[in-house]
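Reviewing the structure listed below.
The values are calculated or read from the model by the stated rules, or taken from the named source; none is laboratory data. Everything numeric here is computed off the predicted structure, so don't read it as measured data. No Cβ is skipped: glycine too gets one built from the backbone with ideal geometry, and neighbour counts run over all protein chains shown. To get the accessible areas, we keep the full protein, side chains included, count just its heavy atoms, and leave off ligands, DNA and RNA. Shrake-Rupley method; radii C 1.70, N 1.55, O 1.52, S 1.80 Å.
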Amino acid sequence: MLISVEVNGEVVTWDVDPRETLIDAIRERARLTGAHVGCRSASCGACTLSLDGLTVKSCCLLAAEADGRTIRTVEDGRTPPEVDDIQEAFIAAQGMQCGYCTPGMVMSVRHLLAQNPDPSDDEIRRGLAGNLCRCTGYVNILKAVRAVRDARLGR
Amino acid sequence: MTYVGASIPGRNNRRSAAGAATYVDDIRPDGCLVMAVVRSPHAHARIRSVDTSAGHDLDGVALVLTGEELRDAGIAIHPSGTNVNFTPRTAVRHVLAVDKVRYVGEPVAAVVARDYVTARAAAQAVLVAYETLPALGDARAALKPGAVLVEESWPDNVMVDYPIARGDADAVLAATPPSGRTSGTLVCNRVAATPLEGRGIIADYNPYDETMTCWASTQAPHVLRALLSAALSFPEGNLRVIQPQVGGAFGGKIPMFPEDVITAYASRRLGRPVKWIEQRDEYLSAGGHSRDMRCDYEVAFEPDGRITALKAGLLADVGAQSTFLGWLMAIVSAACMPGSYVVDHVSIRLRAVVSNRGPWQAYRGYGKEVAAFFMERILDDVARAAGLGRDAVRTRNFISPSHFPFVQPSGWVTDSGDYQGTLEAVQELIGWDDFPARQAAARADGRYLGIGIGHELTPEGSSRPDALLNGTDSATVKMTPRGDVTVLTGVTSPGSGNETGIAQIVAECLGADLDRVRVLQGDTQSAPHGNGNYSSRSLTFGGSSARLAALVIREKLEIVAGRMLNADRADLEVTGHRIRSRASGQSVTFDEVAAEIYRKPHGRHMAGIDPALEATRAFKIDNVYHRKDEDGRYNQYPTWSFSTGACIVEVTPETGDVRIEKFALVHDCGVVVNPLLAEAQLHGAIMQGIGASLYEEIVYDDDAIPQTPTLREYTLPGIRESVDIVLGHRSTPSPFTFMGMKGVGESGISAPGPAIASAIDDALADFGVRMTTMPFTPARVWAAIQTARSAGRGE
Amino acid sequence: MPASFAAPRTLPELLTELDGEATILAGGMTIMPLLNRGIGRAGKIVSLSGIPALRGIARSGDSVRFGAMATHSEIASDPIVAEHVPILATAAAGIGDVQVRNRGTIGGVAAYGNAGADYVTALTALGARVVVASRRGSREVAFDRFVLGLRRTDLARDEVIVAVEVPSTSGGRTAFERYFRVQGAAPTITAAAVLMPDRGRLAVGGATPTPVIVELGREFDLAATLDAVDEACAGRPFGDAHNPAPYRRAMARNFAARVLRHAREEQPC
Ligand SMILES: Cc1cc2nc3c(=O)[nH]c(=O)nc-3n(C[C@H](O)[C@H](O)[C@H](O)COP(=O)(O)OP(=O)(O)OC[C@H]3O[C@@H](n4cnc5c(N)ncnc54)[C@H](O)[C@@H]3O)c2cc1C
Ligand code: FES
Ligand code: FES
């Protein structure tokens, strides 16, 4: 079936299978492979994208459901090797190891800080609760988020 | 410029953060097909028939494979390799089940189709008729006389029966009065490594030149190549294995998996690339588990806490057999007892039994974490029974630094250590001495705080006899005509950051500019033979071999530069990609020397010099003995890192909920090449240790049906469960590696289990609770309190 | 049957699609993980996402009407909910994680009827009603009679939940408690207490296939209430691998006590 979606500012039309999930469409059709598949059960958050301004676990959405909607991915129209301040903070703090969870984490941090520019540790934890990381023990992820928060607030 | 010891962020961070890293599922060769595996829903059943027609008939399906086809094509795995102290029972393994299935999730058939959706639908359409058999749900049932046989050609379900003895533990126990003895049962939960990226492979057979290229999410490309070549009878030289970025491994991606063989076979049959990407539910049932072990122990001790005898019966449920080699972890658990402690009379008997649970696969800790849990719980039990401090009992029994190398009862040789040192340092870090006052104050407020310690021994660099996973690795260092340095290593990095550490070592040894050193790994076509990444070996082996190769290049650069500068080699100073004569103050850059060598091979500075600016060297570690000596010594672990962990917990008795307030670990891994990355590894290992202690358990029911099929049930700790981790370092350099480096990748995974158990016991001392079964879920802690209450203890 | 997907725009269109074969897709946070594992009927999917009539949260007399597609995030932050049924906002804010709350819906939770689900317990205590429609007409069911058993609700295959109506608790005292083992797991126990001037109700979920209900008078005896909870749990045990039934039963009593204590301490709103 034909659907039309706006991905990182560009409108595209895809002929998707009714059973196809949004993560598969983004990865296979848009060839945006920053978002990953870790579980397909809405548990790990590796597939986190933004849909109409809200973060979603795209393994548990059908591509067909995104018809007419706006999607943003971790790549979000940046020219390589450009990254944003959140990604820079993850790089500097070693907020990653294998990197598999990182794009999903970054998406969640973007939304968290957009909604709450000065989150406490507890609020950071709640905001990132839907993103699992198996490598870092979250120690350096927390450090990275605190660092962006403080830098943005000029602290 | 000193690079070694510098905290430098990982070299792959930028591409990972950008979402631009390439994992196996991000690779799409033209015309690539997708494979899905049909798996057994039964724990134990005979396969009556496999009807593939409905799968075949679907539009877009290219191939349906069955066990019979693969068997008839001569594809089977014959376990090989000799072992020193024990002989396992073996059986031929089929990568797709033939005749019967032995665990839920076992591959039965495979479907190759144009895309993921079609392949999954076709896999569902394959009809397998089963005749269910009674299933063995756990090891104790498997040991009973008359139990169902998982391997019908064996007389019973015991795969390995491995006794270890020193002195006469029975006699000492018999001669010790009851006040000097204690006993108990400890249970270590079945867990799964669960890297966030599942397993996966793409095989691309080229029928014209009869070559095959595989991209695999593996820890050891060369090893995978050798094993695949043997399984498929495919020339090893025509097979290339490439490791793209790997989304975590932790032992779980040490080759080889049945699906690797099936995918490669399918590609060869179709002459097209075929991709298999594991799904999480497949991983949790069939990707391999570990740790499922129990220990029945008896110990004798003196009033001062010295342990005089230890008798332990270990029972490992290694599940059904597969192509995985995880069952060897049970051997390591047994061989690492008593580990850090001197016990003169030891009797250990390990029985590893097969059952209808899933097979074992390597996981960080590799059995050492089980040994640590058992030993540390035993030490706490002795402390309790003797009425002594938990720290005092450890101090009393530790191998003292003057006793190294120390031969374990298993014959393994512990190289070095200062266990008291890490114990005291962690006590300081956690605030051990001040804690009782805090605890009493909290108690008066109705809060239950507890403190605990757990010591771990993490022998690393596993070097098994007659195996491709061994105590050596190789590296090539080369310099281009314009002076850039390339390092090719046989070790790989699944996110551990060793590419960064190896670059630091090479830059340092070569006197090169770090930015001009590139490290390439994970491609059998370019990298020299190597064992890959496992057993925390990558920096010790990969770094040491790269150093050896770098020194060859450095020597040549110095000779030529000396001639160019008219200076003695001894007069030269090499740093920052530049060679300088101290006497004249004149210098040449590496670029200039490289140009001299490449461009003027017949010039006046090159007389008698072989112009190759490329060297391959292998590092083979000492302190490994693969033949037993007259004292029964043999050793597969050259370096023995160790740590002591300590934690403070708060327990809520009404719910049994355990909250970790702080976790401290003092670690000794010799010289640290990159503290930022080493600490990051420790954070991850500690969190995995905490996960297995509080949240994670692969559960089977009595009929061996998995009860934890998704991450909603097999619950990994999230950021809300993350804890305040404090690290301390000490350094007892290894005498056997470059600069005394030891591994760091596994350290920190073992201490949390016993430390948390110890802290819970301490918090609930009023109740006399003893946590003996991992994980310490709220339900288990609560049940232990209820048992204590009904015995009249507490409150 | 070939796979198909439909996203009707109106209620009548939706009802025509619901032919008894269709699988309804709301937020997908329960059904999609199952379909991804090959469990359930994936043939004909009918999405509720495109129907404006199923969205929104509004006052309706003395009640608040939640469109079936109101998401957990919307419920957690809606001012009407905060004023009139604050415990539902509390319940919503505790569900899963941000991404799950952005998709999951009240209708999906109600239709699935999982033991211990935050809303299942809260809606039971609140005396909510479910508005159900099909080609055959529409009906309203009291929520406590709608959830029939473990993940079993009074919903025919051609029916859809259109809305959930929840009486306002203005002027009453209410509290909600949830206890979970680890992020991402279903809650172990949820408990809700609604103490109105003229009536009161305690619901406890997670220890039994459907919530335990204890009706409370203006005055009630705490010990007797807890005994009633305990007895109900003993009669209908529910447990799983990590939280066996005896443990859940004890926690039911614990959290019943907590939620009643908290409700009593509340200022009437
Ligand atoms: C990681 C994770 C954590 C979670 N944590 C919690 C938690 O802490 N507490 C909790 O309560 N829940 C939790 N959930 C479940 C979550 O709340 C789901 O959103 C909810 O159970 C289902 O809502 P949905 O809209 O996603 O329904 P769907 O998944 O779309 O549908 C669920 C079922 O209901 C049917 N259905 C849906 N809507 C209707 C309707 N209007 N009429 C008729 N039938 C309908 C569907 O056909 C399906 O059978 C969690 C889920 C995940 C993935
Ligand atoms: S892949 Fe979507 S949440 Fe894990
Ligand atoms: S960095 Fe590996 S999962 Fe987070």
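For region C:68-81, which residues satisfy the criterion of being under 19 Å from C:LEU126 (Cβ atoms), touching a residue at least 24 places away in the same chain (Cβ under 8 Å) and not in a helix (DSSP H, G or I)?
C:ALA68, C:ALA70, C:THR71 - these are the residues of region C:68-81 that are under 19 Å from C:LEU126 (Cβ atoms), touching a residue at least 24 places away in the same chain (Cβ under 8 Å) and not in a helix (DSSP H, G or I).
Give just the number: which of (1) assigned to a strand (DSSP E or B); (2) in contact with a helix residue (DSSP H, G or I) (Cβ under 6 Å, 6 or more places away or on another chain); (3) open to solvent by 10 Å² or more (accessible area, probe 1.4 Å) does B:THR323 not satisfy?
Going through the list (1) assigned to a strand (DSSP E or B); (2) in contact with a helix residue (DSSP H, G or I) (Cβ under 6 Å, 6 or more places away or on another chain); (3) open to solvent by 10 Å² or more (accessible area, probe 1.4 Å), B:THR323 breaks only (1).
Could you tell me which of the residues B:PRO459, B:PRO465 is crowded, with 24+ Cβ neighbours inside 10 Å and touching a residue at least 40 places away in the same chain (Cβ under 8 Å)?
Every option except B:PRO459 fails the conditions.
When the residues of region A:79-107 are narrowed to those that are among the hydroxyl-bearing types (Ser, Thr, Tyr) and in a loop (DSSP other than H, G, I, E, B), which ends up nearest to ligand 3 (Cβ to nearest atom)?
Checking each candidate, the answer is A:TYR100.
Quickly run through region B:23-51 and pick out the residues that are polar (S, T, N, Q) and surrounded by fewer than 22 Cβ atoms within 10 Å (Cβ to Cβ).
Answer for region B:23-51, where residues must be polar (S, T, N, Q) and surrounded by fewer than 22 Cβ atoms within 10 Å (Cβ to Cβ): just B:SER49.
C:ARG65 passes all but one of (1) within 14 Å of another protein chain (Cβ to nearest Cβ); (2) more than 21 Å from A:LEU62 (Cα to Cα); (3) outside any helix (DSSP H, G or I); which number fails?
Tallying (1) within 14 Å of another protein chain (Cβ to nearest Cβ); (2) more than 21 Å from A:LEU62 (Cα to Cα); (3) outside any helix (DSSP H, G or I), C:ARG65 fails exactly one: (1).
Could you check how many residues of region B:468-489 are surrounded by fewer than 24 Cβ atoms within 10 Å (Cβ to Cβ) and farther than 30 Å from B:PHE406 by Cβ?
Number satisfying all stated conditions: 9.
Cβ-Cβ below 9 Å, separation at least six or inter-chain, first residue in region A:34-48 and more than 6 Å from ligand 2 (Cβ to nearest atom), second hydroxyl-bearing (Ser, Thr, Tyr) and part of a loop (DSSP other than H, G, I, E, B): which pairs?
So the pair list comes out as A:GLY34/A:THR73; A:ALA35/A:THR73; A:HIS36/A:TYR100; A:SER41/B:THR710.
Those residues that are farther than 16 Å from B:MET741 by Cβ, of a type in the set (Asp, Glu) and modelled with pLDDT under 95, I need them from region B:458-490; list them, please.
Once the filter is applied, which keeps residues that are farther than 16 Å from B:MET741 by Cβ, of a type in the set (Asp, Glu) and modelled with pLDDT under 95, region B:458-490 yields only B:ASP466.
Within region B:234-250, take every residue that is open to solvent by less than 10 Å² (accessible area, probe 1.4 Å) and out of contact with any Leu (no Cβ under 8 Å at 6 or more places or on another chain) and give me the one that is nearest to the other protein chains (Cβ to nearest Cβ).
B:VAL246
Here is a check on your reading of the model: is B:LEU764 touching a strand residue (DSSP E or B) at 6+ places or on another chain (Cβ under 8 Å), touching a residue at least 12 places away in the same chain (Cβ under 8 Å) and surrounded by fewer than 21 Cβ atoms within 10 Å (Cβ to Cβ)?
So B:LEU764 does not fit the description; no.
If the requirement is being farther than 30 Å from B:GLN219 by Cβ, at pLDDT 95 or above and in contact with a helix residue (DSSP H, G or I) (Cβ under 9 Å, 6 or more places away or on another chain), which of these qualifies: B:LEU379, B:LEU350?
Just a single option satisfies the conditions, and that option is B:LEU379.
Name the single residue that is surrounded by the fewest Cβ atoms within 10 Å (Cβ to Cβ) among those in region A:76-94 being within 8 Å of chain B (Cβ to nearest Cβ) and in contact with an Asp or Glu (Cβ under 9 Å, 6 or more places away or on another chain).
The qualifying residue surrounded by the fewest Cβ atoms within 10 Å (Cβ to Cβ) is A:ARG78.
Looking only at region C:42-62, which residues are touching a residue at least 40 places away in the same chain (Cβ under 8 Å), of a type in the set (Gly, Ala, Ser) and open to solvent by 40 Å² or more (accessible area, probe 1.4 Å)?
Selection gives C:ALA53, C:SER60.
Can you pull out the residues in region C:107-130 that are over 15 Å from C:ALA91 (Cβ atoms), near ligand 1 (Cβ under 10 Å from one of its atoms) and touching an Asp or Glu at 6+ places or on another chain (Cβ under 8 Å)?
The answer is C:VAL130, and nothing else.
Residues that are within 21 Å of B:PRO359 (Cβ to Cβ) and in contact (Cβ under 8 Å) with a residue 12 or more places away in the chain: find the strands (runs of 3 or more DSSP E) completely inside region B:23-87 holding 3 or more of those.
It comes to B:33-39, B:45-51.
Tell me the strands (runs of 3 or more DSSP E) entirely within region B:136-231 that contain at least 3 residues that are assigned by TED's automatic domain parsing to the domain that holds B:PHE257.
Of the strands (runs of 3 or more DSSP E) lying wholly inside region B:136-231, those with at least 3 residues that are assigned by TED's automatic domain parsing to the domain that holds B:PHE257 span B:200-206, B:211-216.
Of the residues that make up region B:690-697, is at least one away from ligand 1 (no atom under 16 Å from the Cβ), within 22 Å of B:LEU429 (Cβ to Cβ) and more than 11 Å from every other protein chain (Cβ to nearest Cβ)?
Within region B:690-697, one or more residues are away from ligand 1 (no atom under 16 Å from the Cβ), within 22 Å of B:LEU429 (Cβ to Cβ) and more than 11 Å from every other protein chain (Cβ to nearest Cβ).
Do the conditions hold for A:GLN97, that is, is it open to solvent by less than 10 Å² (accessible area, probe 1.4 Å), at the interface with chain B (Cβ under 7 Å from one of its Cβ atoms) and free of Cβ contacts under 8 Å to residues at least 40 places away in the same chain?
no
One residue is enough: does region A:54-75 have a residue meeting the conditions free of Cβ contacts under 8 Å to residues at least 12 places away in the same chain, within 8 Å of another protein chain (Cβ to nearest Cβ) and surrounded by fewer than 22 Cβ atoms within 10 Å (Cβ to Cβ)?
So far as region A:54-75 goes, no, none of its residues is free of Cβ contacts under 8 Å to residues at least 12 places away in the same chain, within 8 Å of another protein chain (Cβ to nearest Cβ) and surrounded by fewer than 22 Cβ atoms within 10 Å (Cβ to Cβ).
Filtering region B:10-35 down to residues that are under 29 Å from the mean Cα position of the chain (by Cα) and more than 10 Å from every other protein chain (Cβ to nearest Cβ), which residue is modelled with the lowest pLDDT?
The selected residue is B:ARG11.
Going residue by residue through region B:435-456, is there one that turns out to be in a helix (DSSP H, G or I), within 24 Å of the chain's Cα centre (by Cα) and closer than 19 Å to B:PRO754 by Cβ?
No, region B:435-456 contains no residue that is in a helix (DSSP H, G or I), within 24 Å of the chain's Cα centre (by Cα) and closer than 19 Å to B:PRO754 by Cβ.
Working carefully through the options C:GLY40, C:GLY56, C:GLY50, C:GLY20, find the one that is more than 9 Å from ligand 1 (Cβ to nearest atom), touching a helix residue (DSSP H, G or I) at 6+ places or on another chain (Cβ under 9 Å) and farther than 16 Å from A:GLU65 by Cα.
None of the others qualify; the one that does is C:GLY56.
Do the conditions hold for A:GLU20, that is, is it touching a residue at least 12 places away in the same chain (Cβ under 8 Å), out of contact with any strand residue (DSSP E or B) (no Cβ under 6 Å at 6 or more places or on another chain), over 26 Å from B:VAL246 (Cβ atoms) and open to solvent by 10 Å² or more (accessible area, probe 1.4 Å)?
For A:GLU20, the condition - touching a residue at least 12 places away in the same chain (Cβ under 8 Å), out of contact with any strand residue (DSSP E or B) (no Cβ under 6 Å at 6 or more places or on another chain), over 26 Å from B:VAL246 (Cβ atoms) and open to solvent by 10 Å² or more (accessible area, probe 1.4 Å) - is met.
Consider A:ARG31 carefully, then state whether it is open to solvent by 20 Å² or more (accessible area, probe 1.4 Å), within 11 Å of chain B (Cβ to nearest Cβ) and within 26 Å of C:GLY43 (Cα to Cα).
Against the criterion (open to solvent by 20 Å² or more (accessible area, probe 1.4 Å), within 11 Å of chain B (Cβ to nearest Cβ) and within 26 Å of C:GLY43 (Cα to Cα)), A:ARG31 does not qualify.
Is one or more of the residues making up region B:506-520 crowded, with 24+ Cβ neighbours inside 10 Å, of a type outside the set (A, V, I, L, M) and touching a residue at least 12 places away in the same chain (Cβ under 8 Å)?
no
Scan region A:108-155 for residues that are in a helix (DSSP H, G or I), touching a residue at least 60 places away in the same chain (Cβ under 8 Å) and at the interface with another protein chain (Cβ under 10 Å from one of its Cβ atoms) and jot them down.
Once the filter is applied, which keeps residues that are in a helix (DSSP H, G or I), touching a residue at least 60 places away in the same chain (Cβ under 8 Å) and at the interface with another protein chain (Cβ under 10 Å from one of its Cβ atoms), region A:108-155 yields A:SER108, A:HIS111.
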